[in-house]
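The values are calculated or read from the model by the stated rules, or taken from the named source; none is laboratory data. Keep in mind that this is a model prediction, so the values were computed, not measured. Cβ sites come from the backbone with ideal geometry, for glycine too, and all protein chains shown count toward neighbours.
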């Protein structure tokens with residue numbers, strides 16, 4: 001799309017959705033003195049990256065690290081929060097058969113904990129995978145097995161991945177694995193562990209930045225600046241219709257009101273964009289959109305008496321006895337996430353489909369389930385449990401199934417015919433973006449709209465490369481205080 005900037009003076013630009021992508025687009029537009037209205041279905045900004053506050057406890061919906069290879073995004077984070085960004089150590093492990101296994105997998109740690117028989121099986125499987133000529137890897141299972149061996153895939157990837165997605169790993173596309181799993185070589189790792197073995201292989205980032213009061217602090221600050229510069233943010237205003245004619249979007253229906261617009265930048269789910277278009281697209285496009293699938297999830301935040309049961313930011317639960325997929329330790333993210341010095345707070349993440357048996361359970365039932373699973377796994381004693389809170393998140397993750405690429409291609413072909421409408425962000429592009437990639441899509445869309453830049457927004461983050469390999473030196477941002485400050489109430493630290 002190459003809409004000239006002067007065309008934007010006739011009516012406001014609509015931004016659909018107030019998550020990281022939508023807010024970034026609106027912020028960049030207000031910086032150019034362009035009238036903008038943000039429409040958000042929820043009553044809060046931030047989308048999946050917001051921070052929920054209940055009884056003084058602050059918790060994430062999934063855990064959101066701030067790490068990027070983009071200097072442009074890095075600069076925007078610093079512009080918005082500066083010293084409020086903490087530097088946090090990254091520690092995440094796999095909870096497997098009652099043991100904590102380091103992740104990414106480290107040979108010495110795996111050797112010590114899997115036992116000699118399982119070790120022999122895993123090494124044999126790994127050797128066969130590395131010696132075998134790699135065929136094209138179409139599925140997640142193919143991709144992981146080709147790099148780690150099928151036995152390590154079964155031990156450390158299969159159970160958790162199927163919990164997350166609710167489908168067999170041979171139905172997920174390899175593209176997702178390439179973006180989310182570091183392609184580490186056990187041979188290189190073994191060599192590096194020996195005297196004179198050379199440099200260690202690149203691994204996952206060891207530190208990340210994190211807003212002092214949780215990720216929502218970033219998006220709340222961005223929203224304040226948008227409104228300060230004259231932009232409008234309408235909460236509780238779901239998009240109900242997108243009028244278009246002659247290859248252009250003309251109006252947005254949201255929150256029961258019709259608003260004429262000069263253009264729109266949309267981060268709402270691709271399926272929703274197609275579903276509310278007026279007139280409706282051709283049947284084949286509607287069918288493609290209806291076939292897009294999403295994974296939903298819910299978080300159960302459990303305050304517990306005393307110190308956290310483990311030091312990790314989060315733990316992956318690879319145990320078929322439990323339905324929980326991942327457990328967050330919010331005090332390890334920021335000392336200010338918990339207001340009580342005598343308590344911690346864990347977030348148990350359950351992946352499900354909206355409307356299924358788990359989703360329909362009452363909050364009380366879910367809190368009870370989460371507590372029972374923590375106790376059964378041996379992570380927390382029953383007497384330490386102290387209530388809980390539940391948050392449900394629909395359409396949290398776009399599913400990379402066998403047909404998703406074909407469906408997205410068909411939808412994109414139709415959307416390209418609406419010259420002043422651009423899709424951005426995770427759900428807007430049906431791509432498993434991190435926040436930084438979502439923000440980049442928004443920045444490129446604004447440049448297209450205002451400067452006629454001609455960026456292919458769909459190509460942002462389209463390469464099959466792992467997102468979080470450490471390549472640059474650490475940045476000198478504020479380090480979080482030590483443990484004694486962790487229990488101080490927020491009122492005492494300047495909120």
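Scan the range 350-393 residue by residue and report those that are farther than 15 Å from residue 52 by Cβ, touching a helix residue (DSSP H, G or I) at 6+ places or on another chain (Cβ under 8 Å) and surrounded by 19 or more Cβ atoms within 10 Å (Cβ to Cβ).
Result: 350, 351, 352, 371, 380, 385.
Given (1) touching a helix residue (DSSP H, G or I) at 6+ places or on another chain (Cβ under 9 Å); (2) within 30 Å of residue 75 (Cβ to Cβ); (3) surrounded by fewer than 21 Cβ atoms within 10 Å (Cβ to Cβ), where does residue 223 come up short, assuming only one miss?
(3)
State whether the residues of the range 259-269 include one that is in contact (Cβ under 8 Å) with a residue 40 or more places away in the chain, closer than 30 Å to residue 86 by Cβ and crowded, with 22+ Cβ neighbours inside 10 Å.
Yes, the conditions are met somewhere in the range 259-269.
Residues in the range 3-48 that are buried (at least 24 other Cβ atoms within 10 Å of the Cβ) and either closer than 30 Å to residue 329 by Cα or touching a strand residue (DSSP E or B) at 6+ places or on another chain (Cβ under 7 Å) (or both): how many?
So the count comes out to 22.
Among the residues of the range 77-109, which ones are closer than 15 Å to residue 64 by Cα and not in a helix (DSSP H, G or I)?
If the condition is that a residue be closer than 15 Å to residue 64 by Cα and not in a helix (DSSP H, G or I), then 85, 86, 87, 88, 89, 90, 91, 92 are the ones that fit.
Of all the helices (runs of 4 or more DSSP H) wholly in the range 159-246, which have at least 3 residues that are at pLDDT 95 or above, in the same structural domain as residue 28 (by TED's automatic domain parsing) and within 28 Å of residue 52 (Cβ to Cβ)?
Ranges flagged: 216-228.
Give all pairs with beta carbons closer than 6 Å in which a residue from the range 122-135 that is within 12 Å of residue 152 (Cα to Cα) meets a residue that is modelled with pLDDT of 80 or more; count only pairs at least 6 apart in sequence or on separate chains.
Every condition considered, the pairs that remain are 122/151; 122/152; 125/149; 125/150; 125/151; 126/149; 129/146; 129/149.
Just need a number here: residues in the range 394-407 that are at pLDDT 95 or above and in contact with a helix residue (DSSP H, G or I) (Cβ under 7 Å, 6 or more places away or on another chain).
Of the residues in the range 394-407, 1 are at pLDDT 95 or above and in contact with a helix residue (DSSP H, G or I) (Cβ under 7 Å, 6 or more places away or on another chain).
Restricting to the range 141-151, give me the number of residues that are closer than 17 Å to residue 104 by Cβ, in contact (Cβ under 8 Å) with a residue 24 or more places away in the chain and within 25 Å of the chain's Cα centre (by Cα).
Residues that pass the stated criteria total 4.
Which pairs do you get when a residue that is on the phi > 0 side of the Ramachandran plot, found in the range 16-36, comes within reach of a residue that is surrounded by fewer than 24 Cβ atoms within 10 Å (Cβ to Cβ) and not in a loop (DSSP other than H, G, I, E, B), reach meaning Cβ atoms under 9 angstrom, with the pair 6+ apart or on two chains?
17/239
Give the residues of the range 26-48 that are closer than 29 Å to residue 451 by Cα and assigned to a helix (DSSP H, G or I), sorted by residue number.
26, 27, 28, 29, 30, 31, 47
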